[in-house]
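Comments concern the structure below.
The values are calculated or read from the model by the stated rules, or taken from the named source; none is laboratory data. Predicted model only: the values in this text are computed from it and were never measured. Using ideal geometry, Cβ is built from the backbone for each residue, glycine included, and neighbour counts are taken over all protein chains shown.
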Amino acid sequence: MTTETVSPPSTRQRFRAALLKAWEPYRSVPLLGWLVAILVAVGLERLVGLPLAYLLGMSKVPALLGVVVVLSDPIRIPSVLIYILLIYVVPIGLVARFTAPLFNRIAAYLMRYPLLVTALVHLLLLYADLHLWASISDYRILVARLTMIAIIVTLSLNLVNGYMGEFSCSHPGFMALGAYTASVFTLVLFVNDNRFGEAIFPPSWGPYFFPVGLVLGGVVSAIGALLVAIPSFRTRGDYLAIISLAFMFVVKSLFENMEVVGGARGVANQPDYATLPIVFVWTVLSVWIMNNFVRSTMGKALNAVRDDELAATAMTVDTRKTKMVAFLFAAFWAGVAGGLFAHVLHYINPDTFGIRKLAEVLAMVYFGGLNSVTGSIVGAVSLNLISEALRPLEIYKWIIIPIMLILIMIYRPTGLVAFTEFEIEKLFLPKGETSKGAGHGTA
Amino acid sequence: MALLEVRNMTHWFGGLRAVHNYNLTIEKGQIRGLIGPNGAGKTTIFNLITGVYHPTEGTILLEGEDITHLEPNEIASRGLGRTFQNMRLWRYLTVLEHVKMARYSKLTYGLVGAFFGTAKREAEEKANTELAMELLDLVGAAQFADQLVTSLPYGIQRRVELARALATEPKVLFLDEPTAGMNPEELIQMMEIIRKVHDQIGMAIFLIEHRMKFVMELCETIQTLNFGEVIAEGTPEEIRNNPVVIEAYLGKEVEV
C-alpha cells in the first residue's frame, strides 16, 4: 500500500484496483440473489437465445459458453462474446446487483426458519437454474448429468486420497461394480431384454425401484472395497496404491470374462431412469452425507490418522476402524455413481472403467483440492466442463489438460481450494451490512 | 489394589535388551517421576505401558485388569492418557478439534449420527465442545481454540497437547518430557499448570523429565533408570544424594 503512493501504480495494479472496485457492489449479493439472477439469465436464454444465436450467425445456441464454437470456428469469436454478454453477463450482473437488498432481507427472513427450509429453497432454485439451462439441448442435459456424477465420484475419492491421506486407485473398479450391479438389477427385473429375458416385474415399477438398484450397487462395491482394505490397511505406505490398482484391473478383466454380462461387449439397454432430477437428488444427497461425515469428530479422525497415526491411537481413536469405514463408505458412493453413470449412458463395457477413468477422477481430485468438499465440486465441475469444451481439439485436449494439472501442481500443490470447510449454514447467510454500506458509498 | 501396576516387564528389540525386569506401582493421585540419562529406556517404558509396543515378558495391570496385550487406543480409552516428547499434534486440525478428537472413544452417536447429522450427534458434539473449552481454559489456551496448532508458539502447543491428553479422562497421565525445549519462564508456567490440573482433576501422574528442578518439586517419588534397569528409587531427596544416580549421570571418579 505504501509503495503504491510513492511510485505511480503500474497498469497491472490499476487493472486490479479497477476490477476490485467493479466487484465491490457484488460483495453484498447473497447466494439467493445469485441463484435468482442466474435463473433470469437462463430464462432469457430460453426465450430469446435461439433467435439471438441466428441473428449472430450461429446455427444453434452455444452449448458450453461457446467454447466449442470458438475452437472449431474462430471467426465466430465476436458473435459468441456478444451472445455471452447479452444473455449471461449483463442480466446476471444487473439482477444480482439491484436485487441484493431485497434478497438480503429475504435471506435474513429465511434464517428464522430451520436450516432445512432454507436449504430446500436454495436447492429448488439451484435445480430450477440447472433445469432451465440444461433443457435447451440434449447435449447439455447429458453434460450436466455426467458432471454431477463426477462430483459424487470425486468427493468419494477425496475421502480416501485427501481426508485419509492414502493413495487409492480402485475407484473405477468400484464404479464398475456399482454400474454392473445396478444395470443387471434393472435389466433382469424391469426390462424385456434379449440377454436377460422377460421382465419379472412390470417395467413401469422400474423407476421406483431404481434407488434400490443403486444402493445395491453401492453395497457390492463396498464389499469389493473390503477385499482391498483387509490386506492393505495393516500397514501404511504404498501398499494401498498397489493393491487398489491391481483391484481395478481384476474387476475389469472379471467383467471382460463374464459372458453373462456380455464380456468385453458390455451391457446395453439400461432404461432412462437417471434423469436430470434423479441425478440431482442423488448428488445433493451424497454431498450432504459425505459433508456431514467429514465434519463430525468421527470424520475428523481421518485427518488425525493421516497427520499422526500414533498420536491418534493414543487419543483413543480406533485407526483401523476409522480407515475401514471411510474406505468402504467412499466405495459405496463410487458404486452409486457407477449405477447412475450406466443409466445415463445406457451402455457400459469393462473398458469404460479402465485407467483412463482413473486418470480422469484423480485429476479432478487433485485439481479441485485435497481434503475439501468445495474443492471436489470445483474440480469435478471445472475439469468436466473443460474437457467437454475442448472436445473439438481432439487429441490436443490430452496435452492441454495435463499441462493445466502440472501448472496447478506447481503453483498450488494441494489443489485449487484445498483444506477448506464447506459450511452449509454460512453459505445461506445474508451478506453483512458493513460491506453493503461500503458498496453504496463507492457507487 | 494399586491403580497401575507393572510387574517384571522386560523388552527386547531384537538382540538389544531395552528394558529389564521393570516394576512400577502407582496409587491414586500420586505423582511419580522417571529420570535417567539419554537412551536409558524411559520413552520405551512409556511406549510399552501405553501399548505402542508389547513387552516380551511381564504384565501390566490397570485397576487390576490385564492390559498387557491391548492396542494403544483401547488402553487409552481405559484411562491411560499420555503426551509425547515431540508433541505429535495434527497439522490440519484446530486446537479445539484436537481436544475434541480425544473424546473419540466416548462418542456414542455412531455412523448413523456421523452420516446424517442426527440430534444426538449435535448434542454430543456440543457437550464435547464445552468440555474441550473447559480443559483449554484450565491449561490457559482457550483463546487459541479456532487456530491451527502449527501457527502457535511452542509453549502453547505443549499446553494444547496436555489438554488433549486430559480429554481422554485419564486415571493415570503419562507426561513424556513436558518441558522439553522450554525456556525457564515457560517451564515455571508448565509446572503451575500441571499442579493445577492435578489439584482439580486428581488423577495420578507419571512423568519423564530431564529438568531436575521440575522433577524434584513435583514428584513424590522418583525412579532412576540406566540401561533399561531401575538403579534407584525413592524420594527426591534420596535420589539427589544417591551415589549410584550421580555415577549414572556424571560417571565414576577414577583414582589416579
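The table for this structure:
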item: Answer residue from the stretch A:217-248, given it is part of a helix (DSSP H, G or I) and polar (S, T, N, Q) and is farthest from residue A:157 (Cα to Cα) among those; result: A:232
item: Where a residue in the stretch A:100-121 is among the aromatic types (Phe, Trp, Tyr) and its partner, wherever it lies, is surrounded by 12 or more Cβ atoms within 10 Å (Cβ to Cβ), with Cβ under 6 Å and at least six apart; result: A:103/A:30; A:103/A:32; A:103/A:33
item: Residue match in the stretch B:54-76 (condition: in contact (Cβ under 8 Å) with a residue 60 or more places away in the chain and more than 27 Å from residue B:209 (Cα to Cα)); result: yes
item: Candidate set from the stretch B:94-126 (those that are part of a loop (DSSP other than H, G, I, E, B) and surrounded by fewer than 19 Cβ atoms within 10 Å (Cβ to Cβ)); member that is farthest from the other protein chains (Cβ to nearest Cβ); result: B:108
item: Count of residues meeting criterion [out of contact with any Pro (no Cβ under 6 Å at 6 or more places or on another chain), assigned to a helix (DSSP H, G or I) and closer than 20 Å to residue A:150 by Cβ] in the stretch A:249-293; result: 18
item: Those residues of the stretch A:311-331 which are part of a helix (DSSP H, G or I) and either touching a strand residue (DSSP E or B) at 6+ places or on another chain (Cβ under 9 Å) or outside the structural domain of residue A:155 (by TED's automatic domain parsing) (or both), in sequence order; result: A:314
item: Any hit, the stretch B:216-225, residues being within 14 Å of chain A (Cβ to nearest Cβ) and part of a helix (DSSP H, G or I); result: no
item: Selection count where residues are facing chain A (nearest Cβ under 8 Å) and assigned to a loop (DSSP other than H, G, I, E, B), scope the stretch B:72-86; result: 1
item: Hits in the stretch B:148-166 - residues which are closer than 23 Å to residue B:77 by Cα and among the β-branched types (Val, Ile, Thr); result: B:160
item: Pair list, Cβ < 9 Å and 6+ apart or interchain, from the stretch A:358-369 residues that are assigned by TED's automatic domain parsing to the domain that holds residue A:162 to residues that are of a type in the set (D, E, K, R); result: A:369/A:412
item: Boolean, residue A:268 is more than 19 Å from residue B:102 (Cβ to Cβ) and buried (at least 23 other Cβ atoms within 10 Å of the Cβ); result: no
item: Qualifying residue in the stretch A:193-204 (condition: of a type in the set (S, T, N, Q) and part of a helix (DSSP H, G or I)); result: yes
item: Of all residues in the stretch B:177-218 being among the charged types (D, E, K, R), farther than 20 Å from residue B:237 by Cα and out of contact with any Asp or Glu (no Cβ under 9 Å at 6 or more places or on another chain), the one that is surrounded by the most Cβ atoms within 10 Å (Cβ to Cβ); result: B:186
item: Any hit, the stretch A:335-345, residues being in contact (Cβ under 8 Å) with a residue 12 or more places away in the chain and within 14 Å of chain B (Cβ to nearest Cβ); result: yes
item: The listed residue being free of Cβ contacts under 8 Å to residues at least 60 places away in the same chain and either more than 30 Å from residue A:195 (Cα to Cα) or assigned by TED's automatic domain parsing to the domain that holds residue A:157 (or both), out of A:269, A:303, A:292; result: A:292
item: In the stretch A:65-105, residue surrounded by the most Cβ atoms within 10 Å (Cβ to Cβ) [restricted to those that are more than 27 Å from the chain's Cα centre (by Cα), of a type outside the set (S, T, N, Q) and more than 17 Å from residue A:37 (Cα to Cα)]; result: A:76
item: Given (1) at the interface with chain A (Cβ under 10 Å from one of its Cβ atoms); (2) under 25 Å from residue A:307 (Cβ atoms); (3) among the hydrophobic types (A, V, I, L, M, F, W, C); (4) free of Cβ contacts under 8 Å to residues at least 12 places away in the same chain, index of the condition residue B:89 fails; result: (4)
item: Residue among B:246, B:188, B:239, B:194 that alone is under 17 Å from residue B:166 (Cα atoms) and outside any strand (DSSP E or B); result: B:194
item: Complete set of residues in the stretch B:226-236 that are of a type outside the set (Gly, Ala, Ser) and part of a loop (DSSP other than H, G, I, E, B); result: B:227, B:235
item: Candidates A:424, A:410 - the one that is more than 30 Å from residue A:254 (Cα to Cα) and modelled with pLDDT of 85 or more; result: A:410
item: Criterion: buried (at least 21 other Cβ atoms within 10 Å of the Cβ) and not assigned by TED's automatic domain parsing to the domain that holds residue B:5 - qualifying residue of B:136, B:131, B:148; result: B:136
item: Selection status of residue A:84, under 22 Å from residue A:138 (Cα atoms), without any contact (Cβ under 8 Å) to a residue 60 or more places away in the chain and of a type outside the set (Gly, Ala, Ser); result: yes
item: Verdict on residue B:164 being within 12 Å of another protein chain (Cβ to nearest Cβ), within 19 Å of the chain's Cα centre (by Cα) and surrounded by 16 or more Cβ atoms within 10 Å (Cβ to Cβ); result: yes
item: Residues of the stretch A:294-310 satisfying the condition of being facing chain B (nearest Cβ under 9 Å), surrounded by fewer than 23 Cβ atoms within 10 Å (Cβ to Cβ) and either of a type in the set (A, V, I, L, M) or assigned to a helix (DSSP H, G or I) (or both); result: A:295, A:299, A:306, A:307, A:310
item: Residue that is surrounded by the fewest Cβ atoms within 10 Å (Cβ to Cβ), among those in the stretch A:311-338 that are small (Gly, Ala, Ser) and within 22 Å of residue B:163 (Cβ to Cβ); result: A:311
item: Filtered residues of the stretch A:15-62 (kept if touching a residue at least 40 places away in the same chain (Cβ under 8 Å) and either of a type in the set (Phe, Trp, Tyr) or over 20 Å from residue A:428 (Cα atoms) (or both)); result: A:21, A:26, A:34, A:41, A:42, A:43, A:44, A:45, A:46, A:49, A:60, A:61
item: Some residue of the stretch B:136-156 being within 11 Å of chain A (Cβ to nearest Cβ) and either assigned to a loop (DSSP other than H, G, I, E, B) or within 18 Å of the chain's Cα centre (by Cα) (or both); result: no
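Residue-by-condition table, conditions (1) surrounded by 14 or more Cβ atoms within 10 Å (Cβ to Cβ); (2) in a strand (DSSP E or B):
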residue	(1), (2)
B:21	yes, yes
B:32	yes, yes
B:38	no, no
B:43	yes, no
B:53	yes, no
B:70	yes, no
